[in-house]
Amino acid sequence: MVIWRIFRNFADNMKKIIVAGIGPGSREDITPAVMEAVREADAVVGYKYYFQFIEPYVKPGCECIDTGMKRERERAEQAFELAEQGKTVVVISSGDAGIYGMAPLIYEMRCERLEVRGERIDIVVLPGISAFQKAASLLGAPIGHDMCIISLSDLMTPWEVIERRIKAAAVGDFVTAVYNPKSHGRYWQLYRLQELFLKHRSADTPVGYVRQAGREEQEVKVTTLGAFDPEDIDMFTVILIGNSQSYVAEGKIITPRGYSLTPAPSPNGEGSNYSKGQSIMMESFHTIASELKRQDYPLGHLWALLHAIHTTADFDMERILYTDDHAVETLYDKVKDGSLKTIVTDVTMVTSGIRKGALQRLGIEAKCYLSDPRVAELTKLPSPWEGVGVGCTRTQAGIRLAVEEHPDALFAFGNAPTALMELCDLIRKGKAHPVGIIAAPVGFVHVRESKHMVKPFKDIPKIIIEGRKGGSNLAATLCNAILTFDDVAGLKPGRDL
């Protein structure tokens, strides 16, 4: 109030317009500075619907000039005419006057009049509580991270521009407030917004909307992007769409302030069970997840995908990583129940890349038979695959030995397509029944074919890097994704609440 009085003393003799945001519609949400401005106004100009909220503060004799909807320019012109007469003029907007309100138009018009007439009217903007802020407070804490506001009204903005901004908001993973979502003649735009967001966000993304925020008719609802029904919305509704980290707890939407995860507690309740290196990796995972084209991958597939991209820095993995339904979850369950005891790899580089700590903790052995002395003898035997040589390759021979000793192992291939083909042949002959297969051989000869050969085994959980890409590092990291699936809780915002 002191600041306001200083301004009044300084500006009493100036021609001025005060543009005031009166908040979303509750008298309790009008700021003291706006109340004081209205009390001292000689004239108040605004949309007639909003006068009911400021009526108690208008002084006797104050001229109240109301207009209908879509007459913003007429309102502004009247405000300037009154200000030129030396009157203290307050132009009111709902919410904040600078957000889809009268402030920009008043400033534009002042520039026009100054250029044409040489008149100078001073402008003061008094902020108000915006409708999206009021809605957010009623919904919980949905705007805790980067956000944007989009109006679906195409009266002054071409729809092509609006749609481009919707796509940018969805791709950018912004928490998004939606203004002017619907009117009598504008019925389809909200459906289109939902369609565009579902291309880039999970259907489980929290969505909240508030009708008549701060007023007697107030309604507050929380749903998801997939379940959201545009027919439940009218022109008095503000919608808030969460980002990929938003979640619902006790009926309230919460968007964490950052993408980096809160470390999970250690088993004894002290500190964190993440090392610094693991915390950096998990922070990288959140960064990768925010840049994915899709945000609705099943958790097991997402966990494997994050490992694959983290290892290769290749976002093409999003296109070429294939997992059977619940393959990661199923294989992790076999780790927990003890039925997965051995991981067999085609080359030693895959074995070297599997986390030793995880293997030791889980009681699993990772083996490669490539250096086994028996391999040399087996390479003299014929290969069942035409075009791979007179005898079988060393990696094929290693797989033959592995199947004899560990027919039910998890088999992981990162180098040799012939080894993967050998395993397929042994499965078809009934000599091998793997607990799972990771197929990521790399190269140009027999690589694609070897991966196609794996897919018909419907009862074996499989993780495949399609096409020519692959490598020992990928095979190893996919093994690690299975062994560390218990860490996936770090991707779930709001755990332990």
Selection from region 334-363 of residues out of contact with any Lys or Arg (no Cβ under 6 Å at 6 or more places or on another chain) and outside any helix (DSSP H, G or I) yields Gly338, Ser339, Lys341, Thr342, Ile343, Thr345, Asp346, Val347, Ile354, Arg355, Gly363
By my count, helices (runs of 4 or more DSSP H) wholly in region 89-204 with at least 2 residues that are open to solvent by less than 30 Å² (accessible area, probe 1.4 Å), among the small types (Gly, Ala, Ser) and closer than 27 Å to Gly46 by Cβ are 131-139
Kindly evaluate Thr205 against the criterion of being among the polar types (S, T, N, Q) and either under 21 Å from Gly128 (Cα atoms) or at pLDDT 95 or above (or both).
no
With criteria (1) of a type in the set (S, T, N, Q); (2) more than 46 Å from the chain's Cα centre (by Cα); (3) crowded, with 18+ Cβ neighbours inside 10 Å, Gln85 comes up short on (3)
Per the filter on region 288-297, residues loosely packed, with under 14 Cβ neighbours inside 10 Å and either over 16 Å from Arg319 (Cβ atoms) or free of Cβ contacts under 8 Å to residues at least 40 places away in the same chain (or both) are Glu291
Heads up, the helices (runs of 4 or more DSSP H) in region 369-465 (entirely inside) with at least 2 residues that are small (Gly, Ala, Ser), open to solvent by less than 10 Å² (accessible area, probe 1.4 Å) and in contact with a Leu (Cβ under 7 Å, 6 or more places away or on another chain) are 394-405
Contact list, first residue from region 453-466 and touching a residue at least 12 places away in the same chain (Cβ under 8 Å), second anywhere and of a type in the set (S, T, N, Q) and open to solvent by less than 60 Å² (accessible area, probe 1.4 Å), beta-carbon distance below 6 Å, six or more apart or interchain, is Pro461/Thr330; Ile463/Thr323
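The values are calculated or read from the model by the stated rules, or taken from the named source; none is laboratory data. Remember, it's a predicted structure, so these values are computed and weren't measured experimentally. Here the Cβ is made from the backbone with ideal geometry for all residues, glycine too, and neighbour counts use every protein chain on show. Surface areas here come from the heavy atoms of the whole protein model, side chains and all, with no ligands, DNA or RNA. Shrake-Rupley method; radii C 1.70, N 1.55, O 1.52, S 1.80 Å.
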